Amino acid sequence: MSHQLASMRPSLQPKHLSIYMSTSTYTGSVGLMADEPKADPVQPRRRYRRIIIVGGALLLIALVVGFIPQWRQRQTAAADANQLAISTVGVVTPSLITPGSGLDLPAEVKPWQEASIFARANGFLKSWLVDIGAHVEKGQLLAEIDTPDLAQQLQQARGQATLAQKSLEQAKSTNAKWQQLFKQGVVSELDAENTATALATNQANADAFAANLRFLEQELAFQRVTAPFAGTITVRNVNVGDLINANNTSMEMFHIQQTDPLRVYFRIPQPEAPSIVAGQTFDVQIGADSAKTYPGKVVTTSEAVSPDSRTMLVQLQVDNAKNEILPGSYATVRVPQSALAKLLILPDNTLIFRGKNLQVGVVDAKGGVQLRDVKVGRDFGVQSEILSGVTESDKVIVNPSDSLTTGTTVRVAATPAPSASPSVTPASSTTADVPSAIPASSATAAPSATPILR
């Protein structure tokens, strides 16, 4: 086999060699032909630069892929720390409401007019004609005073007045004659002047004695004690034979009151004062347990707020034709809802007790806290009326912490705090600034927390 291949090799070699040479020649001719262009040296540089860019990009991607999760983790941890550092608070907005059942305010019943009757004449009580509870008319005789001393003084004054009148008449006659003689030249001018002076003196004496007589006659008229107006006698302090001293204000003989109509006085708190005008009608309840009410018309107001109680005095007129209402009785005036101003209400657990002033924490739009001083009005149990310091649009922090200060950043809770609107029910409530005003409405607030004294 090998021999055969060896014998066949010579015949095959030339052909194969020629083919190889031909192939070699062709290949060499491609690289060495003079008319072919040479290889560009920029292409390897570009290829190398491309490799560097691709490698750098791959390295950068690897770095980014490894760094971003760690960076995000650190950012998340920092955000969580910041979020944990910011306190979450619940807020509530002040509610502007009107007490649904109005206000019950204490009042006092006074007679339309009353007077204390004293003696104007000295003497002894001769008789009294009326007793307590008597209904008298104007000018009716109540009592008589026996005035013997005054009678003697009156008799003396009448005599003096008569004598002065006679002397005056004589002076007039003498003066007329002397003036006639002076005109005739019989008497001197000095004598005429003297008679004229005597006439003037007698005229003055007559006038003085006449005035004294009228005074004593008027004093004598005071021995009859009469009623100054129609009314009811409520006090009698004298008996027959008692010594009566004129103008003695410590000795009241009678006390009279006009009981139809009656005046009812009550004080309205300052916030509701502008709503009270003359002509309004309020229900007046006499006594604490009485179910019957009487209409009372607003006659006038004091038009001024008392600096002591911050209330305004209001006067009502109540008809008492049937004499059912007794002067001096305790009364309650129901001020209806329509006559009341609206109240700004906040729960008590929003109040901060620090120092002398009450404060609340208000959250602004950026989450910053502002501590504001507020003035509290009436206390409705778990809620209070806010007179100043906040508005209806403010967000007030509920259950503020001890460390809360102005400028603190907080986060408002997603769940809203309970509303500050009370459910008003008819009940009595005391006031902080108005001791005499007792509101009939009691507010029930949703927050159950009690403010902590700080």
### Query
Residue-wise, which Karplus ³J(HN,Hα) couplings in Hz belong to the stretch 122-137, taking 6.51 cos²θ - 1.76 cosθ + 1.60, θ = phi - 60°, and x for glycine or proline?
7, x, 10, 5, 7, 6, 10, 10, 10, 10, 4, x, 6, 8, 10, 9
### Query
Which semi-axis lengths, in whole Å and largest first, follow from the square roots of five times the eigenvalues of the Cα gyration tensor of the stretch 276-412?
44, 15, 13
### Task
Measure off 7 Å from each Cα along the Cα-to-Cβ vector at residue 173 and residue 291, then give the distance between these two points in nanometres to one decimal.
8.9 nm
### Query
For the stretch 219-233, in order, what is each residue's ³J(HN,Hα) by Karplus, 6.51 cos²θ - 1.76 cosθ + 1.60 with θ = phi - 60°, in whole Hz (x at glycine and Pro)?
4, 5, 5, 6, 5, 9, 8, 10, 7, x, 7, 6, x, 10, 6
### Task
Grab the Cα-Cα distance for residue 156 and residue 300, subtract it from 0.36 nm times how many residues apart they are, and report the gain in nm with one decimal.
46.6 nm
### Task
Would you pull out the residues with amide H under 5 Å of residue 87's amide H, same chain only if 5 or more places away, H placed 1.01 Å from N?
411
#### Entry: Under-5 Å amide H pairs with residue 127, H placed in peptide plane, nonlocal only
144
### Message
Whole-Hz ³J(HN,Hα) for each residue in the stretch 198-213, computed from phi via Karplus 6.51 cos²θ - 1.76 cosθ + 1.60 with θ = phi - 60°, x for glycine and proline: what do you get?
### Response
4, 5, 5, 5, 5, 5, 5, 5, 5, 5, 5, 5, 5, 5, 5, 5
### Task
Report relative contact order for the stretch 233-300 in percent, whole number only (criteria: Cα-Cα under 8 Å, sequence separation at least 6).
24 percent
### Task
Assuming R0 = 56 Å, can you tell me the calculated FRET efficiency for the pair residue 239 and residue 412, based on Cβ-Cβ distance, to the nearest 0.05?
0.10
#### Entry: FRET efficiency for residue 356 and residue 138, using Cβ-Cβ distance with R0 set to 45 Å, rounded to 0.05
0.20
### Rg/Rh for the stretch 96-243, where both radii come from Cα atoms and Rh is the Kirkwood radius
1.40
### Message
Sort 137-143, 91-97 by packing, meaning the average of other beta carbons within 10 Å per residue, with the highest value first.
### Response
91-97, 137-143
### Task
Return the distance in nm (one decimal) between the two label points of a simple spin-label model at residue 48 and residue 322, each offset 7 Å from Cα along Cα→Cβ.
12.4 nm
## Note on the structure
Sorting 291, 182, 213 by the position of each Cα along the dipole of the stretch 153-312 (Lys, Arg +1; Asp, Glu -1; all at Cβ), the one nearest the positive end of that ordering is 182
### Query
Which order, highest average first, do 311-318, 297-304 follow once you tally other Cβ atoms within 10 Å for each residue and take the mean per peptide?
311-318, 297-304
### Message
Can you compute the FRET efficiency between residue 196 and residue 248 using 1/(1 + (r/R0)^6), with r the Cβ-Cβ distance and R0 = 51 Å? Round to the nearest 0.05.
### Response
0.60
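Bear in mind that the values in this text are calculations on the coordinates, not laboratory data. This is a predicted model, so every value here is computed, not measured. Cβ: placed from backbone, ideal geometry, glycine included. Neighbour counts: every protein chain shown.
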